[in-house]
Amino acid sequence: MLIRKLFKFENAHIVRNCSSDRCRRSIHGHSYKVEVLLEANALDHGQMVYDFGLMKGTIRDVVDAFDHAIAFWDRDDAVYIDYCKQFSARWIAIPVSPSAEQFSRLFFVLIDAILKNTEMRNGEPDDILLHSVIVHETETGYAQCFRHDAYNPRMGEISLTAIEFSEQVRTEWGNPEMYEELKAGKRFVNPDVALQVNVAED
């Protein structure tokens, strides 16, 4: 079974070397929609693949980090990068160009790491996986990343250590140390749930 959670954010960027002259030479923005799709072959004690409410924590914080921010490729012109940092309190440096395709891969890597480092507490199925991430850059154009895309070196390597969030972004998270903890492999713990009816375990 698949479930989908939709997130939205506003972000600015330049996509270097693309065919469109406007996109490759001018800062511009988009109203992004991000669909996070999870899959499993069983359900938790609430008879869900994964409670949507749980996705309003660390996963939402990571996606919201890009809202009203500028994302730039860390290999871009040094002067441009310096100006991004100087004139925007909210910025994210990423190891790939900020195209819709790379955003979908970036969010896959981030959310996959969060799920792998989360201790489930409500009978979530042990085979729950991040199925894919869809990033809508416009109403008519989107990119969808699957697992084999996210970790495909031919599309550029994305590691947690290669992504940098500005101080302003980090301080607005529920836990300002969240990303350092994620990189260090610290476990995130979902809340315990007191069952309201007897649930038979298989």
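Computed from the coordinates by the stated procedures, all read-outs in this text should not be read as laboratory data. Because the structure is predicted, anything quoted here is derived from the model rather than measured. When we count neighbours, we look across all protein chains shown, and the Cβ atoms used for this are built from the backbone with ideal geometry, even at glycine.
Place a label point 7 angstrom from the Cα of N190 along the Cα-to-Cβ direction, then list the residues of the stretch 120-144 whose backbone nitrogen is under 13 Å away. Those under the cut-off are 120-130. For the stretch 55-66, backbone phi angles converted through the Karplus equation (6.51, -1.76, 1.60; θ = phi - 60°) give residue-by-residue couplings of 7, 8, x, 5, 4, 5, 4, 5, 5, 5, 4, 8 Hz, Gly and Pro being listed as x. A straight Cα-to-Cα reach below 19 Å connects K8 with the lysines K33, K56, residues fewer than 8 places away in its own chain not being considered.
Rounded to the nearest 0.05, the FRET efficiency derived from the C-beta distance between I27 and F52 at R0 = 25 Å is 0.15.
In percent, rounded to a whole number, the relative contact order of the chain is 25, using alpha-carbon pairs under 8 Å and six or more apart. The distance between label points at D64 and D126 comes to 3.4 nm (points 7 Å beyond Cα on the Cα→Cβ vector). With both labels modelled 7 Å from their Cα along Cα-to-Cβ, the E180 to M155 distance reads 3.1 nm. Among rounded, prolate and oblate, which fits the stretch 147-199 when a ≥ b ≥ c are the square roots of the eigenvalues of its C-alpha gyration tensor, a/c under 1.5 means rounded, and a/b larger than b/c means prolate? In terms of gyration-tensor shape, oblate.
Residue exposure proxy: T58, T118, ordered by other Cβ atoms within 10 angstrom of their Cβ from fewest to most, comes out as T118, T58. Of all aspartates and glutamates in the structure, the ones whose alpha carbon falls short of 14 Å from that of K85, not counting any fewer than 8 places away in one chain, are D74, D76, D77, E164, E167. Computed from the mean reciprocal separation of all distinct C-alpha pairs, what Kirkwood hydrodynamic radius does the chain have, in Å? The answer is 17.9 Å.
Per-residue Cβ neighbour counts within 10 Å put C84, C23 in the sequence C23, C84, beginning with the fewest. Its Cα centre serving as origin, the chain has a Cβ charge dipole (Lys and Arg +1, Asp and Glu -1) of approximately 620 debye.
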